[in-house]
Amino acid sequence: MSIRLRLTLWYSIILAVMMSTFSVALYFLLSFNLYSTAEEELKTQSNEIVKEIRYAEVETGKGTYYNIIPPRFNLFQSSNLYLQWISADGEVKQKSSNLVSYSLFWDQNTINKSKANIDYYEKGKVADATMLVYNNPFFINDTLVGIVQVGTRVDTIDSSLNSLKLSLLFIGLAMMIIATTFGLFLARKVLQPIDRVIDAANQIERGTDLDKRIEYYGPKDEIGQLTETFNNLLSRIQVMYNDMEEAYRKQRRFVSDASHELRTPLTTIRGNVDLLEKVWNQSSALGEYTSSPNRQLSLEAMRDISDEAQRMSRLVNDLLVLARADAGHELYKEAVEMSSLVEEVIRRAHFLPRHAEWVAGNLSALQGAYVMGSKDLLQQLLFIFIENGFKYTPDGYVKLDAVRTGRQIGLCIEDTGIGMDKEEVPHIFERFYRADESRGITLGTGLGLSIAKWILDQHGGSVEVRTTTGKGTTFMIWLPASFQVEVE
Ligand code: ADP
C-alpha cells in the first residue's frame, strides 16, 4: 500500500474515531439534560401536590384508618402534565381530566417499590404517547396510603434526540467522505515531489544521464531537504563516475598503446631470430662450427626465443583487439553470405597445427543464409573455436556442423578432446582465464574466448557449451540471420 493511501487511511480513521466520540458525547449530554429538566419539573410538581394532600384519622373498632382528601388535580394540571392518585391497594382514586379515558401505568412493582418508600421515574406508553412518570409514595405514620403519579409526554424529546442522531450520522458520513477525498488530494499534493524524486531516480537507473537533477521550487521542508540531498548525491556520483571513466579510458589507452608499441620490436625480434636460424642452418650445411659442443644448445635456445616471440605476438594482437573493443570500436557491417565464409574457413583450417582429424559435417542449413556483420570478425570467431578444438584435442576429431532454427543459424564445433570441469564453463569467457585441464598441457593466452564473446555480442549472437572432462567439448554458436528465398 502506498504512503499516500496509508496516510489518508490513518487520517480518516482518527477523524472517524474523534467524530464518533464527539457525536456520542453530544447525544448523551443532550439526552441527559432534556430528561433531567423533565424529571425536575415532575418532581417539583409532585411535591407541590403532596403538600396539598389533606387527611383525617378515623378511629374504628378495628383500628385507625385514614380518610385521604387529595387536592383537585385539575388545579395543577397543565397542557403537558398528567396527574393520578393511586391508593395503597392499587386503585386509581383520582386523575386529571386530560387523561380522559386513559390511566397512567402502574403495576404491583410500583406498589412494592412505594411500600419500600422508593420514589422513581418510569418511562412507558399511554395510548400512542410515550410518557415519563414520577411515582411519589405518600406515607402517614409509616403507612403507605397512596402514590402520587405525575407524568409528562416525552415524545418530543425522543423525536428531537432521534433527529439529532440521524443528523449526526449523516453529517458525520458526509464529513468523512469530504475529509477522505480532501486528505487523498492533500497527500498526493504533499508527496508529489517524492514522485518526482522516484521518477528522476528511475530515469537515471535506466539511462546513463547523470546530468539530470530533480527540479524543486517548494519550501526547504523535509521534501526540499530530501531533494537537495538527492541532487548532491547525484553530483557526487557524477564526479566519481567521470573520474572512473577517465581512469578507465586512460587504462584502455595505455593497453592499446603498449600493445601497439610492443608489436614493432616483436616483429623485429621474430624476423632476426628467423634470419639467425636460417644462417645457422646454412653454416651447418656447409660444415662450419660442427665441432662446437654448444651448437645444439644455442639452436634450441634460439627456437625457444622464436616460440616465445610468436606467443607474445599473439598475446599483443589479442590485447589490441580487446583494447579496441573496450574503446567502443564501431564495426562496419554488411550482409555476409555464410555458406562461402564457412567453406573458406574449413579450407584454411586444414593448415592449422593439429593432431586431431578435421571433419566438415552437413552445412546445407547455411544455404542462402546471410548475417549482418563483419566478414573478418566472423571468420576470426570460427577460427578461435576451431583452433581451441585442435589445441585441446590430442587425438580423435574436431567437427563443424550447421543447423537452422527460425531466424537463427547455429554453428556447432564439436571435439573429442580433454573437455572441462562443468564449474569452469561460466568463467572461460573471462579475460586471461584458463581451465585447470588445459594449464600445462597447451600454451595459450586465455584471451581467445573473450574476443569470441565480444564478436558474438557485436553480432547479436550467443553461445552454448556442452562439455565432459576427458570426453570432449561442443560449442554451439547462434547468430541471427536472414534467408534468401532459394529459386529452384
Ligand atoms: P586459451 O588461449 O587458453 O585457449 P581461450 O580464451 O581460448 O584461451 O580459452 C579459455 C579456456 O577455455 C582455455 O584455457 C581452456 O581451458 C578452455 N577451453 C576452450 N576451448 C576448449 C576446448 N575445445 N576444449 C577444452 N577446453 C577448452
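The values are calculated or read from the model by the stated rules, or taken from the named source; none is laboratory data. No experiment lies behind these values; they were computed from the predicted model shown. Here Cβ is always computed from backbone atoms with ideal geometry, including for glycine, and neighbour counts include all displayed protein chains.
Is it true that residue 470 is more than 43 Å from the chain's Cα centre (by Cα) and surrounded by fewer than 14 Cβ atoms within 10 Å (Cβ to Cβ)? Before you say what the answer is, go through the steps one by one.
Details: more than 43 Å from the chain's Cα centre (by Cα): yes; surrounded by fewer than 14 Cβ atoms within 10 Å (Cβ to Cβ): yes.
The answer is yes for residue 470.
In region 17-69, the qualifying residues are those that are of a type in the set (Gly, Ala, Ser) and modelled with pLDDT under 90, and the one that is farthest from residue 165 (Cα to Cα) is 61. Against the conditions (1) more than 22 Å from residue 175 (Cα to Cα); (2) out of contact with any strand residue (DSSP E or B) (no Cβ under 7 Å at 6 or more places or on another chain); (3) of a type outside the set (S, T, N, Q), where does residue 39 fall short? Just the number, please. Of everything listed in (1) more than 22 Å from residue 175 (Cα to Cα); (2) out of contact with any strand residue (DSSP E or B) (no Cβ under 7 Å at 6 or more places or on another chain); (3) of a type outside the set (S, T, N, Q), residue 39 misses just condition (2). Looking for something in a loop (DSSP other than H, G, I, E, B), surrounded by fewer than 19 Cβ atoms within 10 Å (Cβ to Cβ) and within 9 Å of the ligand (Cβ to nearest atom) - is there at least one such residue anywhere in region 407-429? Looking for residues that are in a loop (DSSP other than H, G, I, E, B), surrounded by fewer than 19 Cβ atoms within 10 Å (Cβ to Cβ) and within 9 Å of the ligand (Cβ to nearest atom), one finds at least one in region 407-429, hence yes. Where strands (runs of 3 or more DSSP E) fall wholly inside region 296-373, the ranges with 1 or more residues that are more than 27 Å from residue 484 (Cβ to Cβ) and charged (D, E, K, R) are 357-360.
For region 1-53, which positions are without any contact (Cβ under 8 Å) to a residue 60 or more places away in the chain, among the charged types (D, E, K, R), out of contact with any helix residue (DSSP H, G or I) (no Cβ under 7 Å at 6 or more places or on another chain) and closer than 26 Å to residue 76 by Cα? Result: 40, 51, 52.
What pairs come out if I take residues in region 431-445 that are more than 15 Å from residue 472 (Cα to Cα) and pair them with residues that are modelled with pLDDT under 75 and near the ligand (Cβ under 6 Å from one of its atoms) whose C-beta lies under 7 Å away, six or more apart or interchain? Short answer, once both residue conditions are applied: 444/438.
Any residue at all in region 458-469 that is near the ligand (Cβ under 6 Å from one of its atoms), part of a loop (DSSP other than H, G, I, E, B) and either under 24 Å from residue 314 (Cα atoms) or of a type in the set (Asp, Glu) (or both)? Show your work before the answer.
Within region 458-469, the subset near the ligand (Cβ under 6 Å from one of its atoms) is none.
No, because not a single residue in region 458-469 is near the ligand (Cβ under 6 Å from one of its atoms), part of a loop (DSSP other than H, G, I, E, B) and either under 24 Å from residue 314 (Cα atoms) or of a type in the set (Asp, Glu) (or both).
Among the conditions (1) hydrophobic (A, V, I, L, M, F, W, C); (2) modelled with pLDDT of 95 or more; (3) more than 30 Å from residue 328 (Cβ to Cβ), residue 441 misses just one, which is (2). Remark: residue 400 falls outside the filter, which requires a residue to be surrounded by fewer than 19 Cβ atoms within 10 Å (Cβ to Cβ) and either more than 43 Å from the chain's Cα centre (by Cα) or within 12 Å of the ligand (Cβ to nearest atom) (or both).
Just one residue in the set 390, 383 is within 20 Å of residue 470 (Cα to Cα), of a type outside the set (Asp, Glu) and either in a helix (DSSP H, G or I) or without any contact (Cβ under 8 Å) to a residue 12 or more places away in the chain (or both); that residue is 390. Summed over region 322-356, residues that are more than 16 Å from residue 383 (Cα to Cα) and of a type in the set (Val, Ile, Thr) total 1. Taking the numbered list (1) assigned to a strand (DSSP E or B); (2) of a type outside the set (Gly, Ala, Ser); (3) within 12 Å of the ligand (Cβ to nearest atom) in turn, residue 434 passes all entries but (1).
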